[in-house]
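Here is the structure we will look at, set down as C-alpha cells.
The values are calculated or read from the model by the stated rules, or taken from the named source; none is laboratory data. If you're wondering where the values come from, they're calculated on a predicted model, not measured in any experiment. Cβ sites come from the backbone with ideal geometry, for glycine too, and all protein chains shown count toward neighbours. Please note that ligands, DNA and RNA were not included when accessible areas were found on the heavy atoms of the full protein model with its side chains. Shrake-Rupley method; radii C 1.70, N 1.55, O 1.52, S 1.80 Å.
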Amino acid sequence: MKHMLLSLASVTALASPAGAENPIDRIRPDAPALSAYGTHPVGVITRSFTDVGRADVITAQDAEGELPRSDRTLTTEIWYPAAGGTTPGTTYETVLRDGETPVSLSGRASRDAAPASGSFPLVLISHGYPGNRFLMSHLGENLASKGYVAVSTDHPDSTYQDMALFASTLVNRPLDQAFLFDALSEMEGEIGAIIDAENAGLVGYSMGGYGALIFGGAGLSDTAVTREEPAAYVAPRDLLDQHAAGSDSHAGLIDPRVKAVIAIGPWGRNRDFWDAEGLAGFEKPLLLVAGDQDDVSGYEHIREIFEETTGTDRYLLSFAGANHNAAAPMPAPDNSWDVSEALGGPPFNHYADAVWDTTRMNNVLQHFSTAWFDQHLKGEENAGRFFDLVETAEDGVWSITDAGEPSEEHTYWTGFPERTAKGLRLEFRSAE
C-alpha cells in the first residue's frame, strides 16, 4: 500500500521531458503504480533473424508441383537492461500506417548500449495486421527498464509497407513467434548472454494475439482448416492444417519455455478459427485485454475466448467504451492527424481511441503487464495482489486511515491512486 501511495511522486519524477518529439515513454501523473519505468537504464539494438526454407504461402497460391519455399527474414528490435550510467534517449525512424509517411518517435532507450550484467526473462511482443515493430515500443522500453529483454519484430506480409496475402499471416504468425523464441535462445554476443529464454512470455495484439493463442496451445477448428470461402481465410496447399487442434504439428509448436501470455484484442474467434474444444487446449496463464466496444475482433467473441480457455487460469481486463485500439498502439504521432492520400483519411484512426486517452491505456497495460510477468516469469508471488481486485473498478472503496494505512473497508484497486480506477473491469476464471 505504501508503494501505491507513493506512486504519484515516483511517476511524476519519471515523466518525459517537455517538448520531446512523438514520445512513446510518457507516464501520466495519475498512472497506476507499476506503470512507472524501472531502475534499469534501457538499451536497444536492431537485429535480423532468418528462417531458412520456410514454406512460401504467397508463391504457393499459383505454383504447381513441389511446395515453394523461401528464406523468411524478421527485422527485430531488442530492448534490454543496460549498464549503469547509460545515457538515456533515442529516436526511432519508421513510417505511419499508410506505409509511406516518415515519422520519428522518441524514447528512453540508448542505441547499442552495453548491457547490464545478469540474466533477464524474455518477452516477445507481436503486432497486428498491419503493424510494425514500433507499434508497441512503449511496452518494450518499459519492460526492459524492469529487468526483461523485450523483443518486437516486423512480421513479413503484415507490416505497413508490405501488406500481402492475409493467408500468409494466418499461417506464419505462430511460426514467426516460435522461430523467434528459438533464435533468441541461441543468440550469441553480449545481448544473447543476458537472455533467460527458459522463462519467457508473449504479448500479442490482434493478429499477434491470434498467433499467441495458437502458439500457446489453442489449435484451430475444423471450420478453419476445411473452409473454402471466403478466399482470404483459405491458405494454399492446406498449410493451415499444421495448426489444427489435435495434430502432431500443432502439439510440437507449443513451447514449454513460454510461461505466460497476454493477448490484446485477439482476432479469430469471430471467424470461427477456434471452437471450444480447440481453446480448451490452451494451458498457459492468460491475460486477455480488450475494449468492450471492439468491432474488429468482436468483444463478444473475445469473451468467448475468455470463457472457453478452460484449461488455464485466466483474466479478462476490459476498457469500458474502448474499441479495437485499446491499450496496445502507441500514442498517435503528430503527423498522423493529417490526411493521407494513400489511405483517404488520417492514419490517426489506426492508433487512437474515440473515448480513451492512449497514454492512459498504455500506462494501464504497462502496470498489469509488469505484474503479470513479475508473477509468472520472475516468481514474485506478491505481484498477484495487483490482480486480487473487486471486479468493477468503480465498486472499489477508498478508505485510508490517518496513519496512511488501508482500513478494513478499503477495496480500491491496488496500485491505483485515489479517484483513478475508472472504466475498467477485471474478471477471473479458474481452470476446470
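The table below gives the values:
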{"read-out": "Scope the range 306-348; condition more than 29 Å from Asp388 (Cβ to Cβ), over 19 Å from the mean Cα position of the chain (by Cα) and open to solvent by 20 Å² or more (accessible area, probe 1.4 Å); matching residues", "value": "Asp334, Asn335, Trp337, Asp338, Val339, Glu341, Ala342, Leu343, Gly344, Pro346, Phe348"}
{"read-out": "Single residue of the range 368-380 satisfying the filter (of a type outside the set (Lys, Arg) and in a loop (DSSP other than H, G, I, E, B)) that is least open to solvent (accessible area, probe 1.4 Å)", "value": "Leu377"}
{"read-out": "Residue ranges of helices (runs of 4 or more DSSP H) in the range 159-232 with at least 2 members β-branched (Val, Ile, Thr) and open to solvent by 10 Å² or more (accessible area, probe 1.4 Å)", "value": "222-226"}
{"read-out": "Qualifying positions in the range 381-395 - in a loop (DSSP other than H, G, I, E, B) and in contact with a Leu (Cβ under 7 Å, 6 or more places away or on another chain)", "value": "Leu389, Glu391"}
{"read-out": "Matching option when the condition is open to solvent by less than 60 Å² (accessible area, probe 1.4 Å) and at negative phi, among Val390, Val397", "value": "Val390"}
{"read-out": "Among the residues listed as Pro266, Pro285, the single one being over 18 Å from His243 (Cα atoms) and either in contact (Cβ under 8 Å) with a residue 24 or more places away in the chain or within 16 Å of the chain's Cα centre (by Cα) (or both)", "value": "Pro285"}
{"read-out": "Count of residues meeting criterion [out of contact with any strand residue (DSSP E or B) (no Cβ under 8 Å at 6 or more places or on another chain), of a type in the set (Val, Ile, Thr) and either under 25 Å from Phe181 (Cα atoms) or surrounded by 23 or more Cβ atoms within 10 Å (Cβ to Cβ) (or both)] in the range 34-85", "value": "2"}
